[in-house]
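Peer 1: Following this message is one structure expressed as structure tokens.
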Amino acid sequence: MTGNAIFDYTLIGVFIAAILSVLVLIFADAPYGRHQTDGWGPKINTRLGWILMESPASLVFLYFYVTGPNATNLACLVLFCMWQLHYFHRSFIYPFQIKVKPGSKTTLLVILLGATYCGVNGFLNGSYISTYGNHLNDAWLSDPRLYIGIALFGFGYFLNKKSDQILRDLRKDSTEGYKIPYGWGYRFVSMPNYLGEIITWVGFSIAAWSLAGVSFVVFTMANLVPRAVANHKWYQETFTDYPKDRKAVFPYIL
Ligand SMILES: NC(=O)c1ccc[n+]([C@@H]2O[C@H](COP(=O)([O-])OP(=O)(O)OC[C@H]3O[C@@H](n4cnc5c(N)ncnc54)[C@H](OP(=O)(O)O)[C@@H]3O)[C@@H](O)[C@H]2O)c1
């Protein structure tokens, strides 16, 4: 806790929102991608939706980072680069990489909820690093937690990107339809991109040693673990030859 009421209550709110998300997602699949259904209100262009949903995490973080007093600390700059490495890509490059059919639309409600969280998350992590994280000084540059966090972040980042690329390659000849993905993390789980995402933010939260980072891990898991379980079930029901020993998201466990 920082002593700043807005920051602290927002942080508590994210943990509560994570619990609510799990409860909702146990009973209903978020209506996008393979689980998209009608009846959730208006839809918007899928690529535009990704940009609108993810860019607040990059831009709001940027604002609160540069307006904080510690923005030029080297340890803070390292964390800034890690964050933007992921979120600049996710906001402004990934939306143009995905293989979607022309005119593809996605549920606006999902985009609005996602964008709201991304903005809150950008505020919490950007302002924590550059304003409240007093331990993120030059001494932190020789703390093993920074390097353990960077290593985990790098591994998760690679796993996430490699897994998403394997999915794109499945649609080389057509922008729609689903096939069984193989190789790399898919040898173990149905959703290695989600596993990579979770590991990425575990690494970041260790490198930053912050409760704001932990809130992101908890919120990410609250969203991605139920989704991974639903997608795994969908794969098993859709493909009779789906590999039997594959788990949903955590190898050998779930
Ligand atoms: N931090 C967070 O809380 C959070 C939340 C959500 C997503 N993400 C990240 O955002 C990225 C995308 O998430 P997502 O939920 O859209 O992942 P996804 O369900 O794995 O889909 C990723 C892309 O691959 C396509 N695809 C999926 N399975 C396929 C298959 N078997 N054959 C061919 N194409 C396939 C999807 O098409 P369709 O759209 O047509 O299904 C989509 O374009 C992931 O890296 C994820 O980790 C993060």
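Peer 1: Return the lysines within reach of K172: Cα separation strictly under 21 angstrom, same-chain partners fewer than 8 residues apart disregarded; answer none if there are no such residues.
Peer 2: K99, K101, K105, K161, K162
Peer 1: Right, next: Hey, quick one: spin label on L141, modelled 7 Å out along Cα-Cβ, who in the stretch 72-97 has an amide N within reach, i.e. under 19 Å?
Peer 2: Under 19 Å, as judged by backbone N against the label point of L141, lie 72-83 of the stretch 72-97.
Peer 1: Give me the distance in nm between label points sitting 7 Å out from Cα along the Cα-to-Cβ direction at F96 and Y9, one decimal.
Peer 2: 4.1 nm
Peer 1: Convex hull volume of the Cα atoms in the chain, per residue, in Å³?
Peer 2: Here the figure is 127 Å³ per residue.
Peer 1: Can you tell which of G156, G114, G122 shows the greatest fluctuation in a Gaussian network model of the chain with Cα springs below 10 Å?
Peer 2: G114
Peer 1: Also, quick follow-up: Under a 5 Å amide H to amide H cut-off, with H placed in plane at 1.01 Å, what residues pair with K247 once short-range neighbours are removed?
Peer 2: Residues meeting the amide H criterion: V189, S190, Y252.
Peer 1: Report, in degrees rounded to the nearest 10, the 0 to 90 angle that the Cα long axis of helix 46-66 makes with the longest principal axis of the chain.
Peer 2: So the inclination is approximately 10 degrees.
Peer 1: If each residue of separation counts as 0.36 nm, what is the full-extension length gain between L170 and T238 once their alpha-carbon separation is subtracted?
Peer 2: 22.9 nm
Peer 1: Can you compute the modelled spin-label distance between V66 and I19, with each label point 7 Å from Cα toward Cβ, in nm?
Peer 2: Those two pseudo-labels are separated by 3.8 nm.
Peer 1: Right, next: Distance between Cα centroids, the stretch 49-89 to the stretch 109-137: provide it in whole Å.
Peer 2: Distance between centres, Cα-based: 9 Å.
Peer 1: Another question, if that's okay. Over the stretch 152-229, one equal point on each Cα, no solvent: what is log10 I(q)/I(0) by the Debye formula at q = 0.11, 0.26 Å⁻¹?
Peer 2: -0.32, -1.16
Peer 1: May I pose another question? Taking the chain as the reference, fit the longest principal axis to its C-alpha atoms, fit the long axis of helix 108-127 to the helix C-alpha atoms, and give the angle between the two in degrees, 0 to 90, nearest 10.
Peer 2: The helix 108-127 is inclined about 30 degrees to the chain.
Coordinate-derived values only; no laboratory data. Quick caveat, the model's predicted, so the values are computed rather than measured. Quick reminder, even Gly has a Cβ in these numbers, built from the backbone with ideal geometry, and neighbours come from all protein chains shown.
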